[in-house]
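Below is one structure, written out as structure tokens; the observations come after it.
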Amino acid sequence: MNAIEQRKQKIGKVSMMAVHQVHAHLASAKEALIKSEQSREEAARSLETLIGRYPSSKLKGADKLGATPPAIPVGQPSAILERRPDIIAAEDRVAAAFYAEKGTEMLHLPRFTFGAGAG
């Protein structure tokens, strides 16, 4: 790309500014490549640490992603979704937060104690 732009500049098709822009785009693309490689290596080290291996960033992954699951059919009953453990856990967290808020509201109300004494 760089050589093409320089030849175009020599024959007068593009200006020197266009050649410098190509240089800049090439440099930024190389920098982005280096950053993405560093991010991949850092992620590999983190994964190795999580699975209990010495982090050497030599963890190999698949080149392609797995197939996406099929779309949920329109007529699928919602009862199937209600049985999912993550949805049940989320509902429990919402309920716990609701009752915790109600409990703090109850603390602001006056308290009464009744006692029976004989004597």
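Every read-out reported here was derived from the displayed coordinates using simple, explicitly stated rules and does not represent laboratory data. Just so it is clear, the structure is predicted and the values come from calculations on it, not from any experiment. Note that each Cβ is placed from the backbone with ideal geometry, even for glycine, and that neighbours are counted across all protein chains shown.
Observations on the structure shown:
- Dipole size of the range 59-119 about its Cα centre, with +1 on Lys/Arg Cβ and -1 on Asp/Glu Cβ: approximately 140 debye, rounded to the nearest 20.
- DSSP-assigned coil residues among trypsin sites (Lys or Arg not before Pro) in the range 85-119, each with at most 10 further Cβ atoms within 10 Å: Arg111
- Span-like helix ranges in the chain, DSSP H, alpha carbon extent 30 angstrom or more, Kyte mean at least -1.0: 16-50, 85-107
- Projecting the Cα atoms of Ala71, Ala116, Val94 onto the dipole axis of the range 64-119, where Lys and Arg carry +1 and Asp and Glu carry -1 at the beta carbon, places Ala71 farthest toward the positive end.
- Positive-pole candidate from Leu59, Val14, Ala43, dipole of the chain, charges at beta carbon: Val14
- Kirkwood Rh (inverse of mean 1/r, distinct Cα pairs), the range 25-84, angstrom: 15.5
- Rg/Rh (Cα only; Kirkwood hydrodynamic radius) as it applies to the chain: 1.39
- Coarse-grained scattering of the range 78-119 at q = 0.17, 0.21, 0.26, 0.30 Å⁻¹, given as base-10 log I(q)/I(0) from a Debye sum over alpha-carbon atoms: -0.65, -0.76, -0.88, -0.97
- Cα-centre dipole for the chain with unit charges at Cβ (Lys and Arg positive, Asp and Glu negative), debye to 20: 800
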